[in-house]
Structures are given as structure tokens and as C-alpha cells.
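Taking it in order: structure first as C-alpha cells, then the write-up.
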Amino acid sequence: MGDLNLCKGMCSPYPFFYLYYNKILFPKKVGARLPGGNVLSEDEQDGRAGTSEDDEMMSDSESSITSLTDKKKSFEQTMDEEIVMLAEAVWDHVAMEPEELAFRAGDVIDVLDTLDRDWWWGSCRGEHGWFPAAFVRLRVSQEDTVEDCLAAMASGGSSGTQLRRRTSVSLLSNEQVRTSVVRELVQTERDFVKVLRDVAEGYIAECRRRTDMFTEEQIETIFINLEELLDFQSEFLKDLEDRIDWNAPYKSCIGECFLNHRAGFRMYSEYCNSHPMATATLQELYHHNRYSKFFEACRLMRGLIEIPLDGYLLTPIQRICKYPLQLAELLKYTKTDHPDYHKIQEALEAMRDVAVLINERKRRMESLEKLAAWQMRVEGWEGEDLIEVSSQLIYQGDAMRVKTGMWTNNITLFLFDHQLVYCKKDILKRDTYVYKGRIYLDTSEVIDVPDGKDLQSGVTVRHCLKVYSCVRDKWLLFCCRTAEEKRRWLAAMAEERRLVAKDRNDGLEFPAAARQLARLAANRQQNRPPIKPRNVADKAYKRESAYEMPTTMVGQGTTNSLGRKVGTWFMFGSSKKSTRLQPS
């Protein structure tokens, strides 16, 4: 089974849906040749500068769901010339296997390889690995401006041994780049409003006509407040377009537009909080053939691309998480003396707050499913389900349990929010855990036991901790291997209390329907038959041996990283990605 390791703050909903539904697989083979540092010629730069507006923009609707538009195509061409480009993470990504790259929403990623359409190779914070292309947004401006280049030289960041991170020093000014960012913001907003209108007119209206199939309660559960979002976003788009100086877009002042509508963005909280229940209700309907045919007919009559209704209902969540990335890039190319500079700063902070709360909730929903799936693989589980109390793993590690007058075998401790679960590894079944017990931490006390003879157990101990349950008058005494491990456990226990208090202050709660949805998704993942991997053509190149693969192993005393994919709460087929070859 392998250790349970959940990557804190790394999960995200839309890309998993995208990957599962489209059965996107990990590249089967890759080479070992790193994209080098070739510089585009001036003619090539001119050719890139002549790209149409559509090539410079990404859509939040059809283009962002099914592909990365023409920008990705031009990127693949530049990769033949060994150029590295920059992307920003739209979603948190869990490093579910050693060869995957973990990052958080907003991180900047060096994209090194895009020859596979769905999985790209890149680096972030010194780590390298594969990640889904749907998780990131390529920056509008890929070139260094003169200001960027001078700043890098002043900070000593330029090195001839490093990979080139841009095509060259750009001849574009900040004003020209700001123009491109403003245009992208407006275009993606138009695309988003179109998707909302398509759902409202193509699905909701048709559902209301079929009173023999849908009750008003079902419609409200599935579509939540999407019609209100459409009204709000239409008004927001009109205000945004009115503020654009189309003759000189870089002069446009749009920060106040976000600030004026800041209160309206709060309705996304209701949408995101209710989305799990909407998904569960929709999945129940999909089990009936007549509903599947009905939704497909709605899509065809509206002339929409081949994405199920689930995908369109995720678009608002995707959009609200993309605003901070666009505003951050806009701020970067807004001079401090620009009249919009301080307003953009305020707008960026406001939209970041909204996106962080939404992203955290979606991450925790995915975590619920992973916990449910993990519990299914633990033998002899007793008592209430894990997800009835907890929603995330905080820390785990092996320790030696001490009982009165005796030592026992090693146990593995799993620290979740609100409870500490301890298991024993099965001797016959490799990497399988047997449930031994738990202690609820809300009514417990963690005691740092000094080295020496413990009076309660009568055993001489070192590097020991005691967790005492005040309500049940039960205690768990365990010893770590080193003083450093003990220090980490004490820090993890304190972190658990901090996270619980934060969740309480933020009002983060999961209804019974959300927990049931996690159980259903975990059951489906467990019962899903294995899918044969698709054949992927061998790449005609090799990576340099100096390029090291991440070799993080699941082991003792690890904080939140997931060793194996257990699925997502969107119930669609998936396939195991092939292991990446080690460089020769």
C-alpha cells in the first residue's frame, strides 16, 4: 500500500477533472537532453512580435479546457531551438509520484519540455519533474525587458552556467507588454461570460422546461447561483471594457473596476462551497441513461465543445483563481508613476484573498477523498470513519510504543487534524497497515517527557512524547529515534492545533454530503479496473546525465507528500503514468 503522504496545500480540482476525463497519460518515455540556451535572432523576434492577438491570449473557457491555444503551438516550435519559457501555476499540484513536480498556485515555473501535449517537464524552486499542462498559464511576456536584464545583473542572478529563462532581451517596452496583458484580461473575461451564458441558456433554461425530469430544488443544487454569477460578470465586463483606452491600452486604469466589484466576488464563496453537492447530484443523474442523453442534447444544440456539464460548472472556480495571476503580471509591467499602480496593488491583494480561500477549500475536498481511500486499505479499522473528524494529514512517522513495564514493536503514527491514529505494519502483507487505535486531540494534552525513567510506565526512555486523553483517561507513550525526530513531532503537534484554530476562525466546515461524496469517489477509485496504458511514441532525444531526477522517497518522519495517486473526487477514468527513464 505504501505510506500515506498528503502534500500540504498542493491539490487542485479542475486539472484533475481535465486529466481524468480526457484519460491523459504520463509520457511513456522521455530523453535526457536539456533545452539549452539558444537565442532567437532578430528576425525570429520580429516574427514572434507579429503574432496575432488571439495567439497572445488564453481563454478561460473552451481553449483553457481543451488546449492551451496557439501560444502552446508557438512554444513547441521555440522548444526545438532549446528555449526555456515561464509559466505561472493556476492550481496547486500534488507530487503524486517521485518524477512529478509539486508546486503551489502562483508559483513561477521554468517550462523545459512541451513535446508531450498534456504533460510538460519543468523546474520550480530547484526541483524538476513532470506536471500537467492544464495546471499552468504561460506568461503573456516571455522576454526580458531591459529593466529586467539590468536588475538581474545588479543582483548577480545572471550566470553563464544556468539555462536561459527567456528568449532574449526584448525590444518591447513596459507599455507594450502592459498592452498585451490588458488585452488578455479583457479577452479571457469575454470568454468566461460566454461560458456562463452558454450554461444558463443551454442547460438551465432547458432543465426548467423539463419539469417531468427536474425539480426546482435539483436545478438549484446543480447550478447553484450560476445565473447570479452571469449577471455579476456581465456587469463587471461592461465596466471593464468601458475603462479600456483602446487607442493606447497601456494607459488604461482598471484597478478600480476590481475594487468597485470586490463585494460581488463574494458570491463565489457560495458557489464553491456548494459545488461538491452539485457534483454529487449530477453524478447520480448521470447513472440514468435518459439524463445523460438529455445533457448531451443540450450541449449539441448549443454547439459546445465535447466537455461534460461537470467541466463547464468548474469554469467559475478556474476563473476566480486566475485573476491574481493576471493582476500580478499587470502590476509587474505597470510603472510606479502610472495612475493605476496603487489601485492594481489593492485589487491584486483583494483577489488573492478570494482565490486563497477557494483554493484551500478545494484542496481539502480532494484531501477528504484521499483519506477515505487510505482508510479502505487499513485492515481492522474500528470506530467512526476518519473523514468524519479529519480532513488532512499533517505529519507521519515511525516510533516505538511504550507500555507499562515493557516495550512493544514499532508503530506508525499518522497525525491528522483533530486526531492521532497509530497503526502497525502487517508482517505478512508488505506495506499494509493494521489499525491499533487513535486519540482525539481536541481533548488531549501533549507532554514532552524528559529522558530517564518514566514513572508511569516504569521504563527508562529517551526522546519520548506522551499524548494523554483527558476525557478517556488514556495515554500513548512513544519514543522517537533521535532528538531531532522528537523536535519535529512536537512542532507537528503544535501545527495541528494552529490549523484547527484557523479552520474554526475561517468557518471551514464540510457538510455530510461532501463527506459522502468523498466516500463514493474513493469507492469508485478502489473498484475501478486497471486501464491499459496507451502507447506513446519514443522521444527522439535524450536528456543530459547531469540532469537529476527528484528522488524523494516516502519514509519516516515526512510531512505531507503523496507517494501514490489515489484518485480525485471527480469520478472519471484514469490511467497509470509510466515511470520516467533515468538519464544514462
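Readers should treat all values here as calculations from the given coordinates under stated rules, not as data from a laboratory. As the structure is a prediction and not an experimental result, all values here were calculated from the model. As a convention, Cβ positions derive from the backbone with ideal geometry for all residues, glycine included, and neighbour counts pool all protein chains shown.
Evaluating 6.51 cos²θ - 1.76 cosθ + 1.60 at θ = phi - 60° for every residue in the stretch 324-331, the Karplus couplings come out as x, 5, 5, 5, 5, 5, 5, 5 Hz, glycine and proline recorded as x.
With the cut-off at 1.5 for a/c, could you classify the stretch 86-138 from its C-alpha gyration tensor as rounded, prolate or oblate? Walk me through the numbers before you get to the answer.
Working: a/c = 1.24, a/b = 1.02, b/c = 1.22.
Rounded.
According to the square roots a ≥ b ≥ c of the eigenvalues of the Cα gyration tensor, what is the shape class of the stretch 392-507, taking rounded for a/c under 1.5, prolate for a/b larger than b/c otherwise, and oblate for the remainder?
Note, shape of the stretch 392-507 comes out oblate.
Ordering 475-487, 363-375 by mean Cβ neighbour count within 10 Å, with the highest value first, yields 363-375, 475-487. Summary of packing: across the peptides 225-234, 200-209, the per-residue average of other C-beta atoms within 10 Å ranks them, highest first, as 225-234, 200-209.
Can you pick out the pairs among K425/K486; K436/K474; K194/K343; K466/K502; K403/K429 whose Cα atoms lie more than 18 Å from each other? Spell out each step's value before the answer.
Numbers: K425/K486 21 Å; K436/K474 14 Å; K194/K343 27 Å; K466/K502 25 Å; K403/K429 25 Å.
Result: K425/K486; K194/K343; K466/K502; K403/K429 exceed 18 Å.
Among 314-324, 112-122, the peptide with the highest mean count of other Cβ atoms within 10 Å heads the list, and the full ranking is 314-324, 112-122.
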